[in-house]
Amino acid sequence: MNRVLAIGVVVALACGICIAEEPPKKREKPKYEFPEKYDPDGIGKVYMGREIAHVMGFGAAGWLERKERIKEEDPEKLIKSLDLKEGMVVADVGAGSGYHTFMIAPLVGAKGKVIASDIQQEMLDLVTKKAKDKKVTNVETVKGTETDPKLPAGKVDLILLVDVYHEFKYPFEMTEKMVDALKPGGKLVFVEFKLEDDKVLIKLVHKMSERQVLKEMTAFTEMTHTKTVGTLPWQHVVIFTKKELKK
C-alpha cells in the first residue's frame, strides 16, 4: 500500500466511514449428473454425489400435520434453537401446510413477518385459509419456482428449510437466491433427516448427512457454518450465517 492510500484509509476510518468488504468471489456452479440407474424415489438427478428426491405432493399434506410429528421431530425444540426475535422477517421455504409458519408467527410479532414460500399453490391455499381461521395477520404467502423462492433481496433475517432442501430440483440456483435474500448476519437453516441414523424411518433419498449439507454450501463463501444442533430426535439443524460487512 503506498503512503497516500495508507493515509486515506486512516482518515476514512477516523471519520467513521465504513469500508465494505470485497464482494464474494464468483460462485462456481457444480454440474448436475444424470445416472442411468437411480433410486425410484429420486428424480434421476445427482448433485455433488447426492440423489435428489421427488417433491412431496399436495396429496400428502395431511402427513405434515400428523400427531406423531411432535414425538418424531420435536418442533418446539427446533423453533427454540432458531433464537427468533420480535420484528424479524423469517422465510419458511417449502412451507407446505404451514406447520412451522404458524409456530414462528407469534414469536416475530406484529412488527415482524413470516413469508411462506412454496411451489404448490394448493399448499399456499392451505396456509392462507389457516391464517384466516386463526386470525393471523403477519403471514404472507409467495409462490416460488423450482429455481427461485421469490424472496425480497437483502430483506430476510432467517430462512428455514424443514425437510425440503433435499427435494429441490435445482439446489444450487435455489441456494443462490436464498443467500441473496438474506441480510448481512442473516441465517440459513437446514433441517434434514439424519442419514447416519438407521432408526430414522425415512426413505434414503429424503435423508442427508451434516457432511453433505456442508459440502453443498462450499460454493457460497459469504456463508459461514456457525452451529449444528444434533439434539432433535430425527433431524440435524445445520445453521449458516451470512457474513457482516467489514467496518
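Values for this structure:
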{"read-out": "Backbone N under 19 Å from the PHE58 label point (7 Å along Cα→Cβ), restricted to region 106-128", "value": "116-128"}
{"read-out": "Listed pairs LYS26/LYS169; LYS67/LYS227; LYS85/LYS129; LYS71/LYS227; LYS31/LYS203 exceeding 27 Å between Cα atoms", "value": "LYS67/LYS227"}
{"read-out": "Cα gyration tensor of the chain - equivalent ellipsoid semi-axes, whole Å, descending", "value": "33, 24, 16"}
{"read-out": "Most mobile of ASP125, ASP83, ASP157 in a GNM of the chain (Cα contacts under 10 Å)", "value": "ASP83"}
{"read-out": "Of PRO106, SER117, LEU214, farthest towards positive along the dipole that unit charges on Lys, Arg, Asp, Glu beta carbons give the chain", "value": "PRO106"}
{"read-out": "Across LYS150/LYS183; LYS113/LYS187; LYS155/LYS243; LYS135/LYS155; LYS150/LYS187, pairs whose alpha-carbon gap is larger than 20 Å", "value": "LYS135/LYS155"}
{"read-out": "Computed lengthening from THR137 to LYS26, 0.36 nm per intervening residue step minus Cα-Cα distance", "value": "36.1 nm"}
{"read-out": "Cα-based shape type of region 128-231, given that a ≥ b ≥ c are square roots of the gyration tensor eigenvalues and the cut on a/c is 1.5", "value": "oblate"}
{"read-out": "Under 15 Å, Cβ to Cβ, from VAL139 - net charge with Lys/Arg +1 and Asp/Glu -1", "value": "+3"}
{"read-out": "Among beta bridges that DSSP assigns inside the chain, antiparallel share in %, nearest 5", "value": "45"}
{"read-out": "Convex hull volume per residue in cubic angstrom - Cα atoms of region 13-152", "value": "181"}
{"read-out": "Residues THR101, THR241, sorted so that the one with the fewest Cβ neighbours within 10 Å comes first", "value": "THR241, THR101"}
{"read-out": "Likely footprinting exposure, PHE168, PHE34, fewest C-beta neighbours within 10 Å first", "value": "PHE34, PHE168"}
{"read-out": "Burial ordering of ARG211, ARG27, fewest other beta-carbon atoms within 10 Å first", "value": "ARG211, ARG27"}
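Each reported figure results from applying straightforward, stated rules to the coordinates on display, with no laboratory input. It should be emphasised that the depicted structure is a prediction, and the values quoted were computed from it without experimental measurement. Note that each Cβ is placed from the backbone with ideal geometry, even for glycine, and that neighbours are counted across all protein chains shown.
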